[in-house]
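Engineer: Before anything else, here's the structure in question.
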Amino acid sequence: MDYTDIVMQRYATKKFDGRMINEAQVLKLLDIIRYSPSAFNLQPWKIKVVTAARIKEKLLPATNSQPQVTTCSHLLVFCANPELEPLIGKVENALNRTAMPKNVIAQYTGLMKGYVAAMSPERRLAFAREQVHIALCNAVNGAKALGFDSCPMGGFNPAAYADLLFLPEHLVPTVLCAIGYAADAPLQKFRFPREEIFF
Ligand SMILES: Cc1cc2nc3c(=O)[nH]c(=O)nc-3n(C[C@H](O)[C@H](O)[C@H](O)COP(=O)(O)O)c2cc1C
């Protein structure tokens, strides 16, 4: 399938058939997600992968009882990580292991540190959330490319998710992506016409 077909044929699946995706395929998808671009390459995301039926059942009421949660194979809980300074340190360390000249690395990391230092806590969270949605986009199209289906989901209670999944305090559940094999059919696509979007 070429990329245009992947994008056109992907749809937000409302119900999955309960089959599990094999782990090798899931790992491929996790790598597609992992390789998503992010500003300054900070990768301010953590993704909890939920497979246990018992946990999915607990999450159902916190997801407006949407059946994707209990019928999917894997539920990916995309969390924003607004603690950006440690991530800058990691990027700096990674760059120091490359052939990039040290003065260029110092200049680049100095720029990042200044940019992040000027951000309010709210802006840090907003920044991390923006990056998370880029990874989400790779998740849904990546799933289709690998031969299975997905549903991006914002209809859930983040505080309840944080409690039920015992998430570390600083992580903010931002969006879900249920993956599996569809047990429904896509509705007719509706998108605004080209001329309404591009100007
Ligand atoms: C951030 C985000 C949150 C969404 N939340 C939900 C959701 O909670 N439940 C759901 O069934 N679909 C959800 N969707 C799917 C959209 O409704 C769907 O992508 C849109 O209607 C276009 O349909 P299509 O993806 O099938 O082309 C969400 C999509 C995005 C991008």
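The values are calculated or read from the model by the stated rules, or taken from the named source; none is laboratory data. Remember, it's a predicted structure, so these values are computed and weren't measured experimentally. For neighbour counting, all protein chains shown are included, and Cβ atoms are generated from backbone atoms with ideal geometry for every residue, glycine included. Remember, those area values only see protein heavy atoms, side chains included, never the ligands or the DNA or RNA. Shrake-Rupley method; radii C 1.70, N 1.55, O 1.52, S 1.80 Å.
Engineer: When N is the residue count of the range 1-93, what does its C-alpha Rg come to as a fraction of 2.2 N^0.38 Å?
Structural biologist: The value comes to 1.31.
Engineer: Rounded to the nearest 500, what is the 222 nm mean residue ellipticity of the chain from helices alone, with -39500 (n - 2.57) per DSSP H run of 4+ residues and division by all residues? Write out the running numbers ahead of the final one.
Structural biologist: Values: 9 runs with 96 residues, N = 199.
Computed ellipticity for the chain at 222 nm equals -14500 deg cm²/dmol.
Engineer: Just need log10 I(q)/I(0) for the chain at q = 0.08 Å⁻¹, Debye formula, equal scatterers on the alpha-carbon atoms, no solvent, rounded to two decimals.
Structural biologist: Reported log10 I(q)/I(0), two decimals: -0.32.
Engineer: From the phi angles alone, apply the Karplus equation (6.51, -1.76, 1.60; θ = phi - 60°) to the range 144-161 and give each ³J(HN,Hα) in whole Hz, x where the residue is Gly or Pro.
Structural biologist: So the Karplus estimates, Gly and Pro as x, are 4, 4, 8, x, 10, 10, 7, 9, x, 9, x, x, 8, 9, x, 5, 5, 4 Hz.
Engineer: With a point put 7 Å past each Cα toward its Cβ, work out how far residue 27 is from residue 157 in nm, to one decimal.
Structural biologist: Calculated label separation equals 3.7 nm.
Engineer: About its Cα centre, what dipole magnitude does the range 49-141 give when the only charges are +1 on Lys and Arg Cβ and -1 on Asp and Glu Cβ, stated in debye to the nearest 20?
Structural biologist: On the way: 10 positive and 6 negative charges, 30 e Å.
Result for the range 49-141 is approximately 140 debye, rounded to the nearest 20.
Engineer: Averaged per residue, what accessible area in Å² does the chain show with a 1.4 Å probe, protein chains only?
Structural biologist: 57 Å²
Engineer: Express the relative contact order of the chain as a whole percentage, based on alpha carbon pairs under 8 Å and six or more residues apart in sequence.
Structural biologist: 36 percent
Engineer: Ordered by residue, what ³J(HN,Hα) values in Hz, to whole numbers, does the range 86-93 give under the Karplus form 6.51 cos²θ - 1.76 cosθ + 1.60, where θ = phi - 60° and Gly and Pro are x?
Structural biologist: So the J values, rounded to whole Hz, are x, 5, 4, x, 5, 5, 4, 4.
Engineer: Hey, another quick one. Determine the dipole magnitude for the range 3-184: charges of +1 sit on the beta-carbon of Lys and Arg, -1 on that of Asp and Glu, nothing else is charged, the reference point is the Cα centre, and the result goes in debye to the nearest 20.
Structural biologist: 160 debye
Engineer: Still on this model: What ³J(HN,Hα) values, in whole Hz, does the Karplus curve 6.51 cos²θ - 1.76 cosθ + 1.60 give for the range 24-33 when θ = phi - 60°, with x put for Gly and Pro?
Structural biologist: 4, 5, 4, 4, 4, 5, 4, 5, 4, 5
Engineer: Show the residues, 5+ positions off or on another chain, whose built amide H is closer than 5 Å to the amide H of residue 13.
Structural biologist: Here 150, 151 satisfy the definition.
Engineer: Oh, and also: Listed highest first by mean packing, meaning other Cβ atoms within 10 Å per residue, what order do 167-174, 69-76, 39-46, 109-116 come in?
Structural biologist: Highest-to-lowest ranking by the protection proxy: 69-76, 39-46, 167-174, 109-116.
Engineer: Using a Cα-Cα cut-off of under 20 Å, which lysines could be cross-linked to residue 56, ignoring same-chain neighbours fewer than 8 residues away?
Structural biologist: Those lysines meeting the cut-off are 14, 15, 46, 48.
Engineer: Hey, any idea what % of the chain's accessible area is carbon plus sulfur with a 1.4 Å probe?
Structural biologist: Its accessible area is 59 percent carbon and sulfur atoms.
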